[in-house]
Amino acid sequence: MIELGIAASTRAGETASADRCVVRVLHCVDFIAVVDGVGHGASAAAAAEIAIGTLGEHAGEPLDALFARCHAALRSTRGVVVSAATLDARTSELCWLGIGNVEAVRVPVDARAPSTSLVLRGGIVGHRLPRLLPETLPIAHGDALVFATDGVCSGFRTLLPVLGPAQHGADRILASCRKSDDDALVLVARYLGRGP
């Protein structure tokens, strides 16, 4: 139900990235999560790996329950920040939730309509979990979701009106907006669940 593009890079001098993603296709629902392990290096990458494993294994659960499960699994780690979404083809709805600073934006296929940004809540999954309040909004055929970790400068938003195909959009954002001193990951998912 989605066209997917992923672009990522590892901080210079590091061998493992702490910026990871997981995508699961469930019955009529797509699940997407982007995770950034706190800090850099092997410890941050290990926390991110636990997070994506937990999120992927339990992707069918409601987002608030899923984040609580991930929080419990990460208590002995540095923790992560994470933004996640489900796209439901039965209802044409997007449900999303973000803890920390992994940005997410819904870009409408209609260029005249405004983009919508995920409201991010402060905290670290594994250490300090705020009140979990997933938000639900409509999503239309051709709309895109763009996720970017903090290794991507906020200027990436200027490129959203000209995303093009999902992989091209992800590659372009990473090439144009990647910070040199951090891991970085961009995920673009174009919703194709139901035709116009």
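Taken together, the values in this text are just the output of simple stated rules run on the coordinates, not laboratory data. Values in this document were obtained by computation on a predicted structure and should not be read as measured data. Every residue, glycine among them, receives a Cβ derived from its backbone with ideal geometry; neighbour counts consider all protein chains shown.
Result for the chain in a Gaussian network model with C-alpha springs under 10 Å: among 137, 120, 87, the largest mean-square fluctuation is at 137. Each of 50, 139 has some number of other Cβ atoms within 10 Å of its Cβ, and from fewest to most they run 50, 139. With the simple model of a label 7 Å out from the Cα in the direction of the Cβ, residue 158 to residue 117 spans 1.6 nm.
Taking trypsin sites (Lys or Arg not before Pro) across the stretch 60-91, the ones in a DSSP loop with at most 11 further Cβ atoms lying within 10 angstrom of their Cβ are 75, 90.
With a cut-off of 9 Å between beta carbons, the residues surrounding residue 151 carry a summed charge of -3, where Lys and Arg count +1 and Asp and Glu -1.
Ordered by the number of other Cβ atoms lying within 10 Å of each residue's own Cβ, fewest first, 21, 177 fall into the sequence 177, 21. For the stretch 93-196, the alpha-carbon radius of gyration amounts to 1.10 times the rule-of-thumb value 2.2 N^0.38 Å expected for a compact globular protein. Averaging over all projection directions, the Cα-based convex hull of the stretch 49-107 occupies 4.5 nm² in the image plane.
Determine the calculated [θ] at 222 nm for the chain from helices alone, applying -39500 (n - 2.57) to every DSSP H run no shorter than 4 residues and normalising by the residue count; nearest 500 deg cm²/dmol. It would help to have the intermediate numbers written out before the result.
On the way: 3 runs with 40 residues, N = 196.
About -6500 deg cm²/dmol.
Under 1.5 on a/c is rounded, so check that first for the stretch 2-191, then, if it is not, pick prolate when a/b is larger than b/c and oblate when it is not; a ≥ b ≥ c are the square roots of the alpha carbon gyration tensor eigenvalues. Verdict is oblate for the stretch 2-191.
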